[in-house]
Amino acid sequence: MLDTPNSSTLAHTATSDSPDFSVPIVLGMIGLGTVGTGVYKILSRRTDLVFHQIAVRSLKKERDLPGLDSERLTDNAKSIVSDPAIQVVIEVMGGVDEARPLVIEAFKNGKHVITANKELIAKHGAELFDLAKARNVRLMFEGAVAAGIPIIMPLKLSLAANNILEIAGILNGTTNYMLTQMAEENWNYEEALLQAQKKGFAEADPTSDVGGHDAAYKISILASIAFKKRIDMKHVYCKGITSVTATDIQLAESLGYTIKLIGLCRQAEAGQLDIRVHPVLVEHDHPLASIKNENNAIWIKGDAVGDVMFYGKGAGEMPTASAVCADLLAVTTDLHKGNDPIPSMEIETTGFANILPVTETKNKYFVRLHTADHPGVIGLIGTACGEFGVSLESIVQHGIHEEDGTASIVFITHELAEKQMLKALDKIKADPAIQKLGCVLRIL
Ligand SMILES: NC(=O)c1ccc[n+]([C@@H]2O[C@H](COP(=O)([O-])OP(=O)(O)OC[C@H]3O[C@@H](n4cnc5c(N)ncnc54)[C@H](OP(=O)(O)O)[C@@H]3O)[C@@H](O)[C@H]2O)c1
């Protein structure tokens, strides 16, 4: 599979009807980590695609890949994007600062690019698609959102006849694994994170996962496709799972809900887009409630199709490589036919989305309070809520905290604007009978 291209063989004689697989397409790959290794393993089965060079950060690292010729490795990624022999560049190094100029240079040199880099597409997709279009090359990124789950092409093509009304996704396997274990094993956050790291689901630095940023990149990409607007990441509300407790998970479960980290986008009133990432309570009978452990799922509501859900492995070596290689084959099949690849994954947008501030969003809420254990507390909560138009669906006392003798009161509201909820909570917190606001979570 690692081969030196013979430039005389690169000129295709095939017609658009008869792909000629005897002439290999020449590839360069930047990155041979988790995803790059998977890509290498899949492509090592093929003779019609050959790696000319693979860039890594360290040439000294041991790499147990059969057939890998160390002569093909380089620590100079620039040499890949400028090598005239390379037709397609696979960017699986990650990050933005180094990856963006490399991808731009690859386009300038007439190369197609396949990437799994969600941060790059979420932050710079519009610029890169413009450049790719100007240079008549392709940029493909199926692996960037939910890895092995096909979602970009289905959203762009299979659901093209729909007005998309809403997308809600479990888009991060690390946090879904942690929340599942906290619910099923009653682990606290720290135990769940440690186990996720031991199983290889969480990075040594898990900030992007547990802080919700990884999910925010992914929902922004999906929103830009579904709603045809550019998304300025600065305006995407993003809250992770670091303050979710096993207590709240157990209480939510007892009330018929499971807690999930969800990336959400939906059309709001007045042309605004409601897009955000945060933990939510999901009713047990919602399809997303059944998605466990490191799995991902994307639930989409279209005006014609109704509800559809895409489910599978949202991370990992082979699932991500499956998507990257599918993109590669889409491009190389056209190249084998001697055709210019069609820019099928281009994100077409008309300006920036007007993003609804989170305080203007409407939600149902789950609230847990520590209160004095005496009569009248439930009444004062009801009165404060009533003053700000907060209508309660249920309110229940859940035992006494042994350590301080406070009562735990949980209430669930009907749907209302977040700013109303905040005003009611300010009033509730100001009452001397309320010792502590334990938790406030939105309900899907
Ligand atoms: N892992 C997943 O499950 C997954 C899922 C979906 C999308 N993605 C995306 O796929 C991309 C790659 O992720 P990954 O998990 O495979 O990362 P990774 O395991 O950290 O691998 C990164 C690779 O890039 C190489 N590299 C880093 N900086 C480089 C530089 N300046 N020049 C040349 N090579 C460089 C590293 O070289 P060394 O080997 O020498 O360190 C390594 O081989 C990221 O954009 C990520 O968001 C990952």
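The values are calculated or read from the model by the stated rules, or taken from the named source; none is laboratory data. As the structure is a prediction and not an experimental result, all values here were calculated from the model. Neighbour counts are summed over all protein chains in view; Cβ atoms, including those assigned to glycine, are modelled from backbone coordinates with ideal geometry.
Annotation for segment 48-69: at least one member residue is more than 11 Å from the ligand (Cβ to nearest atom), at positive phi and either assigned to a loop (DSSP other than H, G, I, E, B) or not assigned by TED's automatic domain parsing to the domain that holds Val88 (or both). For Ala202, state whether it is within 16 Å of the ligand (Cβ to nearest atom), buried (at least 17 other Cβ atoms within 10 Å of the Cβ), assigned by TED's automatic domain parsing to the domain that holds Ile300 and free of Cβ contacts under 8 Å to residues at least 40 places away in the same chain. Yes; evaluated as a whole, the condition is true for this residue.
Of the numbered criteria (1) of a type outside the set (Gly, Ala, Ser); (2) in contact with a helix residue (DSSP H, G or I) (Cβ under 7 Å, 6 or more places away or on another chain); (3) within 23 Å of Glu393 (Cβ to Cβ); (4) at pLDDT below 95, the one Gln250 fails is (2).
Does Asn136 satisfy the criteria of being assigned by TED's automatic domain parsing to the domain that holds Ser224 and farther than 22 Å from Gln53 by Cα?
Working: assigned by TED's automatic domain parsing to the domain that holds Ser224: no; farther than 22 Å from Gln53 by Cα: yes.
The answer is no for Asn136.
Of the set (1) of a type outside the set (Val, Ile, Thr); (2) surrounded by fewer than 18 Cβ atoms within 10 Å (Cβ to Cβ); (3) over 37 Å from the mean Cα position of the chain (by Cα), all apply to Ala417 but (3).
Evaluated against (1) surrounded by 18 or more Cβ atoms within 10 Å (Cβ to Cβ); (2) in contact with a helix residue (DSSP H, G or I) (Cβ under 7 Å, 6 or more places away or on another chain); (3) among the hydrophobic types (A, V, I, L, M, F, W, C), Val280 falls short on exactly one condition, (2).
Against the list (1) within 22 Å of Ile412 (Cβ to Cβ); (2) touching a Phe, Trp or Tyr at 6+ places or on another chain (Cβ under 6 Å), the condition Asn293 fails is (1).
Given the criteria farther than 20 Å from Lys198 by Cα, part of a strand (DSSP E or B), touching a residue at least 40 places away in the same chain (Cβ under 8 Å) and not basic (Lys, Arg), does Val324 qualify?
Details: farther than 20 Å from Lys198 by Cα: yes; part of a strand (DSSP E or B): no; touching a residue at least 40 places away in the same chain (Cβ under 8 Å): yes; not basic (Lys, Arg): yes.
No: the conditions fail for Val324.
I'm checking my understanding of the structure. Among residues of segment 317-369 that are modelled with pLDDT under 90 and more than 20 Å from Leu157 (Cα to Cα), which one is nearest to the ligand (Cβ to nearest atom)? Filtering segment 317-369 for residues that are modelled with pLDDT under 90 and more than 20 Å from Leu157 (Cα to Cα), the one nearest to the ligand (Cβ to nearest atom) comes out as Leu335.
I'm trying to understand the selection: among the residues of segment 299-316, which are of a type in the set (Gly, Ala, Ser) and away from the ligand (no atom under 15 Å from the Cβ)?
Here is the first cut: in segment 299-316, the ones of a type in the set (Gly, Ala, Ser) are 302, 304, 306, 312, 314-316.
Once the filter is applied, which keeps residues that are of a type in the set (Gly, Ala, Ser) and away from the ligand (no atom under 15 Å from the Cβ), segment 299-316 yields Gly302, Ala304, Gly306.
Does any residue in segment 106-117 that is within 14 Å of the ligand (Cβ to nearest atom) come within less than 9 Å, Cβ to Cβ, of a residue that is among the hydroxyl-bearing types (Ser, Thr, Tyr) six or more places away or on a different chain, and which pairs are these? Qualifying pairs under 9 Å: Ala106/Ser82; Ala116/Thr320. So, in segment 281-302, exactly how many residues are closer than 20 Å to Gln181 by Cβ, small (Gly, Ala, Ser) and in contact (Cβ under 8 Å) with a residue 12 or more places away in the chain? Result for segment 281-302: 2.
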